[in-house]
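The values are calculated or read from the model by the stated rules, or taken from the named source; none is laboratory data. A quick note: this is a predicted structure, and the numbers were derived from the prediction, not measured. We place every Cβ from the backbone using ideal geometry, glycine too, and count neighbours over all the protein chains shown. Ligands, DNA and RNA are stripped out before the accessible areas are found, and what is left, the full protein with its side chains, is counted by its heavy atoms. Shrake-Rupley method; radii C 1.70, N 1.55, O 1.52, S 1.80 Å.
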Amino acid sequence: MDTVEIIVTLVGVALAGFVLWYFFFSARQTASAVSSVSGVQEVDITVKGGYSPDVIEVERGKPVQLSFYRDEENSCSEELLMPDFHIRRDLPAFKTTLVELLPQQAGTFPFTCGMGLLRGSLVVK
Amino acid sequence: METDLKTETLDIEGMTCASCASFVEKSLARTPGVQRAMVNFATEKATIDYLPAQATPATLRQAVVQAGYGVLERAPDTSAADRQAEIDQQKAHAYQQLRRRFWVAAGLALIIMPLSMLMLWPAAMQRINMQWLNYGLLLLTLPVLLYSGREFYTSAWNGFRHRAANMDTLIAVGTGAAFLYSLAATVVPEFFRSRGLTPEVYYDTTATIIALILLGKVLELRAKTQTSAAMKALIGLQAKTARVVRPGGQELDVPIEQVQLGDLVVVRPGEKVATDGLIEEGHSAVDEAMLTGESLPVEKKAGDPVFGATLNKTGSFRFRVTKVGADTMLAQIVKLVEDAQGSRAPIQRLADKVSAIFVPTVVVIAILTFVLWFDLAPIETRLPLALVNFVAVLIIACPCALGLATPTAIMVSTGKGAEHGVLIRNAEALEKAYQVNTVLLDKTGTITRGEPAVTDFVPAAGQDAARLLQLVAAVERQSEHPLAAAVVRYAEAQQAASAPATGFRAIEGQGAEATVNGQAVLIGNSRLLDEAGIVLPVAVRQQADALLTQAKTVLYVAVAGQAAGLIGVADTVRDTSVAAIRRLQSMGLEVVMMTGDNPQTAAQVARQVGITRYFAEVLPGGKAGKVKELQAEGRIVAMVGDGINDAPALAQADIGLAMGGGTDVAMEAAGITLMRSDLQGVVTAIELSRQTIRTIKQNLFFAFLYNSLGIPIAAGLLYPVFGWLLSPMLAAGAMALSSVSVLTNSLRLRGFTPLKP
């Protein structure tokens, strides 16, 4: 093994490690819902290559209103799926789409794009 | 004036307790012009009667907001149609753009490819300055990268910032690596030459990959728009205007969203019914195929319900509006289908898990591929080989096919189901229906019509049948008893002449009497005749006993003090039941019947429809128990009932099929609702479920196979054995095809037609 090979191997392994850590193990952006005057838990979510915030904490039994603003035209994010709440929505680009739901049970409920690649979750407490 | 009072229903948002409701109610009641406000906490609706001269819907909303609550702008159907139109427009625009980007990429790739091939042709090589050729290729590739492929790079970058990796990540990293390598080879070729490497460029790879992937996306988008075609057709059925009768009798065409509860609406032949209501006058035949899948028009008369979006065929009628907007049958069906399309089938779980970790994993595999090739290949080719295989792994591993496998099939099949009057609540119900091996049918209202019908009309010796039927019908037309209605229906079907009846009198628990054509006519049970002192001849008594042993109800008729005949009445088997049951049995399902009737009647019906196993004398409360009994035998049970008293059994079954008959769509207990009261719907539902799950399995198989074979081949696993390497361009072609083939397979479900017996 020559020096170049050793360098390529080390850089490659380090890069692979970084990819795994970055996508699977690094800390996520969490947000708690803000309750409005009317008692609805409101959360604004920007959709651009992912959901920010992507972990949303809400309280059980109170209506939740999620405002998804899709800040891109890329087709990957055009659909929103919340399978546990039977929700499938088209998110038009550069528009806000409201999604209302009433979480009755505590737990973590994922939401994803149509293909399940962009991911976020609703944490009901 | 009382008639000026208008009613508005608002969806209130944010109420958490009953006191909130009274709070909103008070706020509304205080608003000038409001006569009455009622807020229902459970349904989250406020119903307000107000004077339009003093209050408007806007001021009512304001009052709710002032109380600290919100008014939900529940999208009525029209706005669902509008929203759909807007989304469609945006999608059409995106499609146009995508096509343009594809053509630019394809056009340039077609020039870049032959130019790159020049180096394979030694004679040409000598005349052309390689350096200049490379710069020329670079200039041609830049528009492909910056215009056609731009979205991949921005999307990958946006995703990276969110720690999300999507399919664009793979394409961006793959083509980006090929491009950057080529760029270096173009700008600093000496660096390569000094290390004994030929400064090869991969502009053709970059441009062709982008063109092919865009081609895949164009085809995918085109196919995807077809998956929701059935839903769009459903939403588009909504009438745009309604002809409302004003209190003065004047008729006015108003936009559908202005139609209010309680309005009187006129429907003429050939027109669409604007919204749901009850007919007040007139009669007609209405084509309800769009809601029930029933191809024959349904006769409607005063008192019958009509539904929005159905088509009036022959007559003209007026109906009173009972439901508008989101409460209408059509809106509920649309909502139900939308919900089902948003759900995921359990079969998808594995694909979901794989998708979630897929892209980063592939990136890691690609990096390791690069390292291994670099370390193991001969020194003079190690860099290009490592690079080509790195790119090939990234490009072939598209999870699209995996992601599209289930949802597209579910979208097509739920839409298709709605078209045939089969409403599927969610994907799980679809999957359960596939596994079913036993179908439990509730007899009354499911196998049978659930209402009495005349089965035997037996005139006594010497009686003229037509004349007797005329007399009987004349009396029974005056009666409100369900058995009387059955006799009238029978007489009408036989086209019996009508005659006036006078002195009608209903005798409670026994029957009725009246005078027709100057003759006293008595119809009722045997006690009625006994008490009138009429003796039954032996022949008549024997005939009555025969009817009774067949579990029929017998009506005795006497004319002018003489026994004149018998009428046998029973709940009759639907015309379609026998064929549907035979069809289910031929599909390999065991059909079991359950009824509250005595064993004799049960046996009679079971024999008639070809069922060998049945439960008789099952009390309404015991139905769920029978389902459990079958489940304890290890069977997967589909329970079919008419939804009213069968709810616990429907819920207990592995899959419940409620026969809605167009009365209540929102049947919570059932996984599948059949809009038509006809067992054929059960056949359709199970057949549709089987075809859908079969399609999903094929899709998942191809998607998994494609990725599990594609990645190792791209990584060069076959190279040591066969010397095979996968060109990144071939990988791009294969990837474009993978998602398109999955979509095409799902779209085959559009050709689904229910099996006719």
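Of note:
- FRET efficiency estimate (nearest 0.05) - Cβ-Cβ, B:L115 to A:T30, R0 51 angstrom: 0.45
- Amide H contacts of B:T241: B:I256, each under 5 Å away and 5 or more positions distant or on a separate chain (H built 1.01 Å from N in the peptide plane; Pro and chain starts excluded).
- Total accessible surface hidden between A and B, rounded to 100 Å², 1.4 Å probe: 4600
- Evaluating 6.51 cos²θ - 1.76 cosθ + 1.60 at θ = phi - 60° for every residue in region B:612-618, the Karplus couplings come out as 9, 10, 8, 10, 10, 6, 8 Hz, glycine and proline recorded as x.
- Accessible area per residue for chain A, computed on protein heavy atoms with a 1.4 Å probe, is 45 Å².
- For the pair B:A285 and B:A532, the difference between a 0.36 nm per residue extended length and the Cα-Cα distance amounts to 84.6 nm.
- Spin-label pair B:S498/B:E617, simplified geometry with 7 Å Cα→Cβ offset, distance in nm: 4.6
- FRET efficiency, B:R99 to B:L350 (Cβ-Cβ, R0 22 Å, nearest 0.05): 0.05
- Folded to 0 to 90 degrees: helix B:329-342 orientation relative to chain B principal axis, Cα: 40
- For the protein assembly as shown, the residue among B:S27, B:I279, B:L705 whose Cα projects farthest onto the positive side of the dipole built from Cβ charges is B:L705.
- Cut-off under 5 Å, modelled amide H: who pairs with B:Y614 long-range: B:M593
- Violating pairs (Cα-Cα greater than 29 angstrom) within the set B:K301/B:K323; A:K62/B:K6; B:K300/B:K335; A:K48/B:K323: A:K62/B:K6; A:K48/B:K323
- Neighbourhood net charge (9 Å Cβ-Cβ; Lys/Arg +1, Asp/Glu -1) for B:M593: +1
- Anisotropy class of region A:7-100 from Cα gyration tensor, a/c 1.5 cut: prolate
- Rounded to the nearest 10 degrees, the inclination of helix B:167-187 to the longest alpha-carbon principal axis of chain B is 20 degrees.
- Long-range amide H partners of B:T572 with built H, under 5 Å: B:R449, B:G450, B:E451, B:A453
- Helical runs (DSSP H, four residues minimum) scored at -39500 (n - 2.57) apiece and divided by the length of the protein assembly as shown put the mean residue ellipticity at 222 nm at -14500 deg cm²/dmol.
- Within chain A, antiparallel bridges make up roughly 60 percent of the DSSP beta bridges whose residues both belong there.
- Think of each Lys and Arg Cβ as +1 and each Asp and Glu Cβ as -1; about the Cα centre, that makes the dipole of the protein assembly as shown roughly 1680 debye.
- Solvent-accessible area per residue in region B:87-168 equals 58 Å², computed with a 1.4 angstrom probe and all protein chains kept.
- Whole-number accessible area per residue in Å² for region B:420-460, which is evaluated in the context of all protein chains at 1.4 Å: 29
- Whole-Hz Karplus values for region B:432-437 come out as 5, 4, 5, 7, 4, 10 Hz, taken residue by residue from phi with 6.51 cos²θ - 1.76 cosθ + 1.60 and θ = phi - 60°; glycine and proline positions read x.
- Within chain B, the longest run free of exposed loop sites, counting trypsin sites (Lys or Arg not before Pro) that sit outside DSSP helix and strand states (H, G, I, E, B) and have at most 12 other Cβ atoms within 10 Å, spans B:302-757.
- Rounded to 5, percent antiparallel among DSSP beta bridges of the protein assembly as shown: 75
- Karplus-derived 3J(HN,Hα) values for region B:415-424, using 6.51 cos²θ - 1.76 cosθ + 1.60 with θ = phi - 60°, are x, 4, x, 4, 4, 9, x, 10, 9, 9 Hz; glycine and proline are entered as x.
- Interface residues of region B:336-354, defined as those losing at least 10 Å² of solvent-accessible heavy-atom surface relative to the isolated chain (probe radius 1.4 Å), are listed as B:E338, B:D339, B:Q341, B:G342, B:S343, B:R344, B:D352.
- Acute angle (nearest 10 degrees) that the helix A:3-20 long axis makes with the longest principal axis of chain A, alpha-carbon atoms: 10
- The protein assembly as shown, accessible surface, carbon-and-sulfur percent (1.4 angstrom probe): 58
- Relative contact order [Cα under 8 Å, 6+ residues apart], chain B, whole percent: 13
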